[in-house]
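Below is one structure, written out as structure tokens; the observations come after it.
The values are calculated or read from the model by the stated rules, or taken from the named source; none is laboratory data. Bear in mind the structure is a predicted one, so any value in this text is a computation, not a measurement. Using ideal geometry, Cβ is built from the backbone for each residue, glycine included, and neighbour counts are taken over all protein chains shown.
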Amino acid sequence: MQRMDTAPSRGPSVECRDIAIKRGDNTIWSHGTFTIPRGTITAIVGTNGAGKTTLMKAELGLIPLSHGTMRVLGAAPGERNSRIGYVPQSYTNDIDSNLTAEQSVLLGLTGTRFGFHPVTRAQRAKAYEAMAFIGIADKAGLRLSELSGGLRQRVAIAQALVCDPELLMLDEPLANLDLASQRTAVQILAKLNAEFGMSIQIVAHDLNMLLPILTGAVYLLDGHPHYAKLNDVLDSRLLTHLYGTKVQVVTTPQGDMFVTPNMSESAGERDMHDAGEIARFRHHGGASAHAGAEGEAQ
Amino acid sequence: MNSFSYDPAWAETLTTPFMLNAALAGLCIAVAAGVVGYFTIARHSTFAAHAIAHIGLPGATGAVLLGLPVAVGLGGFALGGALVIAALGKRASEREIATGTVLAFATGLGLFFARMSSSASQQLQSILFGSILTITDDQIIGFAVFDAILLAVITVIYRPLLFSSLDEQVAQAKGVPIGIMNALFMAILAGVITIAVPAVGTLLIFALVVTPAATATIVTTTPLRAILVSTALCLVSIWGGLVIAAMFPAPPSFVIVTLSTLFWGIAKGIESLRHHSAA
């Protein structure tokens, strides 16, 4: 795909100073001061209800900040949304549309235009290019309602990509996907970052699947967002605090890293507990719950 | 009991002025219902379409009670109901108990108004089940003007409306004013229902606004083609209804709804057969 970098600045993709968000009287999170560099793949992690999606919506200008300032691609949130590709969480679940994959991707180019504008050949070519990049060109004529969750996810990513975004935001893109579809999605994200230098943000539970491609993470801890590079995030003590349960980082002889709950009998065996499971473990609390947690994880 | 017999003079009946009016009204209604039906399904607003027609009933009988034209009361109540549903947003479709209760109350209120005056009582059946054979020249001019406005508005908002129907969150992030889109669509839907009620009445409106569009989305994939097919199915149902009602002593509304349902049933049947053979 050809990309036009019309962006005047090569500054950070997101810059936050003492940001906070309230819903009613309830502060969701506060005191967020961090900078996400351009061209990075960043996970937004935290327990359920920590405000991960809220952070993403604040970056898109859909939810106002109650305090502080935020710059997204060098402008106020919402001002440069035409340069941002957004794939919300509900995508794979709720979309039961009769539109075809191609029509859906085309709306990423034409969907905001009022007035009478027939689709041009260039637009069609652009949509095809995006679908080809994502590997769904052969599904162009199928209805969304006929596609599997994984393919619908890829249509949504193609729709987000078709306008050549500088920043791609995905909310729980791996949820509800089977292992093979998760791998494909992760590979696509890595390719976008490597070939176009695209900045990518991913709200995620499953850190393990993303570990190989992540540059860093925004973690929502104790009601405050922080940013850290990957090596700093992969600190057992931090992760333990983050998820409220004992978490260990294991490096295999092959050099792969895994985040696992600290269970003496299983930690050495490289079994992959994802962060979502880790988040669930916290409800059991204490070492006595290990047997129960094991049962749940199997 | 009336005898159900074939009327050999049906071709002459078709040439009468009231039949010509009915045919022209049918054309206007088919265009309006065909255009809006596709979006009603795409936006998952089919229950809202049903609800708006029922909410319009007390408006219609109330208007007769006050000596106003039926369309004024019906349109006013339908528009009000539509804007309330739009304000409730997506949650409205999840509030089936609340919506259903309001519908029942509205229908009851419509009956109450009808009983308050003998003229409203006489009109109640035509409001509930339609009276396409009594449509006047003035009504047809009104329908045509409405169609012209509808087509102009839809042409302008076509893509943003489609985008917000597909995924409201993405459309909103990209700058589509989804609140305005929703209110505008609901207002359009109220208008289409107001002009479609004379054909089949408030109770049978679903078969004219939603069913042909549902059939069209089964047989074709692009929105534009679905709109054209849905308009054609509407037109065949209404005109077919008029012809068959001229041949046999059946009310046109009944035949219109029957044809519309039949087309949908056939499309559904063929679709499931294809799925079986593919699997």
Subject >> Evaluation of A:Ala190 against (1) closer than 25 Å to A:Pro12 by Cα; (2) surrounded by 20 or more Cβ atoms within 10 Å (Cβ to Cβ) (one fails), failing number >> reply: (2)
Subject >> Where A:Lys57 falls short, out of the listed (1) without any contact (Cβ under 8 Å) to a residue 60 or more places away in the chain; (2) in a loop (DSSP other than H, G, I, E, B); (3) at the interface with another protein chain (Cβ under 10 Å from one of its Cβ atoms); (4) of a type outside the set (A, V, I, L, M) >> reply: (2)
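Conditions tested, residue by residue: (1) assigned to a helix (DSSP H, G or I); (2) in contact with a Leu (Cβ under 7 Å, 6 or more places away or on another chain); (3) not charged (D, E, K, R).
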{"site": "B:Asp7", "(1), (2), (3)": "no, no, no"}
{"site": "B:Ala32", "(1), (2), (3)": "yes, yes, yes"}
{"site": "B:Ala53", "(1), (2), (3)": "yes, no, yes"}
{"site": "B:Leu57", "(1), (2), (3)": "yes, no, yes"}
Original post:
Does A:Leu99 satisfy being facing chain B (nearest Cβ under 8 Å), crowded, with 19+ Cβ neighbours inside 10 Å, more than 22 Å from the chain's Cα centre (by Cα) and of a type in the set (A, V, I, L, M)?
Top reply: yes
Original post:
Of these, A:Val119, A:Val87, A:Val105, which one is within 12 Å of chain B (Cβ to nearest Cβ), surrounded by 14 or more Cβ atoms within 10 Å (Cβ to Cβ) and within 19 Å of the chain's Cα centre (by Cα)?
Top reply: A:Val87
Original post:
With respect to the numbered conditions (1) within 14 Å of another protein chain (Cβ to nearest Cβ); (2) among the β-branched types (Val, Ile, Thr); (3) crowded, with 19+ Cβ neighbours inside 10 Å, which one is the sole condition not fulfilled by B:Val200?
Top reply: (1)
Original post:
Based on what the data block shows, is B:Ile154 at pLDDT 95 or above, in a helix (DSSP H, G or I) and within 11 Å of chain A (Cβ to nearest Cβ)?
Top reply: yes
**OP:** Report, ordered by the first and then the second residue, all pairs with beta carbons closer than 7 Å, sequence separation of six or more or different chains, a first member in region A:187-216 that is under 13 Å from A:Pro173 (Cβ atoms), and a second member that is hydroxyl-bearing (Ser, Thr, Tyr) and assigned to a helix (DSSP H, G or I).
**Re:** A:Val203/A:Thr53
Original post:
Residue check: is B:Ala171 more than 14 Å from chain A (Cβ to nearest Cβ) and either under 17 Å from the mean Cα position of the chain (by Cα) or part of a helix (DSSP H, G or I) (or both)?
Top reply: no
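Okay, residues lined up against (1) at pLDDT 90 or above; (2) within 14 Å of chain A (Cβ to nearest Cβ):
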residue: B:His44; (1), (2): no, yes
residue: B:Ala48; (1), (2): no, no
residue: B:Ala63; (1), (2): yes, no
residue: B:Leu66; (1), (2): yes, no
residue: B:Ala78; (1), (2): yes, no
residue: B:Ala98; (1), (2): no, no
Subject >> Conditions (1) away from chain B (no Cβ under 14 Å); (2) of a type in the set (D, E, K, R); (3) buried (at least 23 other Cβ atoms within 10 Å of the Cβ): number failed by A:Glu129 >> reply: (3)
**OP:** Run A:Ala190 past the list (1) within 20 Å of A:Glu102 (Cα to Cα); (2) away from every other protein chain (no Cβ under 11 Å) and report the number of the one that doesn't hold.
**Re:** (1)
